[in-house]
């Protein structure tokens with residue numbers, strides 16, 4: 001069925017399309033955003049799983065399995081779902097499964113959010129400079145606009161000093177605007193205006209797999225081995241150079257892995273086919289389908 005949906009806009013001249021006669025809907029999180037002066041929202045696609053906005057980290061001084069299994073900080077979809085990496089307890093070993101949560105905002109709030117991303121400088125080719133910080137991740141923001149998808153990457157956005165001599169005044173100001181936008185986006189997830197976030201239940205659950213190595217963490221008790229209930233390990237190669245593989249559980253296997261993860265943690269040895277593996281669980285998002293989506297991790 002074709003659905004007609006509208007986004008709020010402050011000036012029709014900046015949008016490719018303007019639909020009339022759509023009723024406004026106020027949903028969770030709508031109150032968290034004020035109108036933007038930089039309209040750029042497209043007509044929402046019929047595909048609810050179409051990605052409209054994403055904030056993610058790339059690079060940094062982390063292992064290859066973490067690079068492949070790292071969740072985006074926040075992903076926003078055409079139906080208003082906001083899927084984000086929630087807080088985790090400061091314990092060792094940590095939980096086996098990331099705390100991925102989901103809430104829904106209204107079409108009005110979604111349109112304003114997209115406009116604000118553009119107003120904050122999310123645009124291909126934006127000059128954010130190169131601060132004097134080593135091994136820090138790059139914050140990458142992607143937004144879908146009426147002019148197409150726009151992406152910007154800011155090295156060490158959170159780590160760079162405000163007076164970094166390697167950054168020009170315009171670069172510092174551009175980075176400040178991006179940080180302010182991310183803070184506003186984070187308030188939608190940390191201070192939701194219309195309901196409590198729910199646990200995200202993925203349709204596909206990936207596992208980043210490598211041979212198990214004793215951690216040498218000095219703990220008196222070795223972690224208990226758990227039988228792997230998903231597809232046979234180790235699965236397809238993600239990066240043969242560093243020896244990491246991937247499998248993707250679907251259907252009833254997702255339920256089985258989620259149940260087993262409740263009895264495990266990040267250091268749990270998983271057994272499959274008579275061998276023992278370390279596994280990093282990575283729920284796939286609505287715009288992802290399998291291990292191939294994780295091969296391009298940067």
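Values in this text are rule-based calculations from the coordinates and carry no lab data. Keep in mind it's a predicted model, so treat the numbers as computed, not measured. Note that each Cβ is placed from the backbone with ideal geometry, even for glycine, and that neighbours are counted across all protein chains shown.
Rounded to a whole number of µm²/s, how large is the Stokes-Einstein D of segment 202-295 at 4 °C and 1.567 mPa s, given Rh as the Kirkwood radius over C-alpha pairs?
On the way: Rh = 13.6 Å.
Reported coefficient: 95 µm²/s.
Using a Förster distance of 45 angstrom, determine the FRET efficiency expected from the C-beta separation of residue 179 and residue 236, and round it to 0.05. Show your work: numbers first, answer last.
On the way: r = 38 Å, r/R0 = 0.85.
Efficiency, from the Cβ-Cβ distance: 0.75.
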**Complete:** Packing-ranked peptide list from 276-289, 46-59, highest mean Cβ count within 10 angstrom first, is 276-289, 46-59
**Prompt:** Given that compact globular proteins tend to follow 2.2 N^0.38 Å, what is the ratio of the alpha-carbon Rg of segment 41-111 to that value?
**Reply:** 1.33
**segment 202-295, relative contact order in percent, only Cα pairs under 8 angstrom and at least six apart counted** = 44 percent
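If packing is taken as the mean number of other Cβ atoms within 10 Å per residue, what is the order of 182-189, 78-85, 112-119, highest first?
Working: 182-189: 17.6, 78-85: 21.9, 112-119: 24.5.
Order by mean packing, descending: 112-119, 78-85, 182-189.
Between residue 256 and residue 198, take the C-beta separation as r, use R0 = 25 Å, and let me know the FRET efficiency to the nearest 0.05. Provide the component values of the computation, followed by the final result.
On the way: r = 21 Å, r/R0 = 0.85.
The computed FRET efficiency comes out at 0.75.
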**Request:** Let me know the volume per residue of the alpha-carbon convex hull for segment 39-160, in Å³.
**Result:** 128 Å³
**Fill in**
residue 295 and residue 90 label points (each 7 Å along its Cα→Cβ direction) are spaced in nm at 4.0 nm
**Request:** Apply 1/(1 + (r/R0)^6) to the Cβ-Cβ distance of residue 276 and residue 130, taking R0 = 51 Å, and write down the FRET efficiency to the nearest 0.05.
**Result:** 0.75
**Complete:** Note to self: C-alpha centroids of segment 149-221 and segment 271-296 sit apart, in Å, by 21 Å
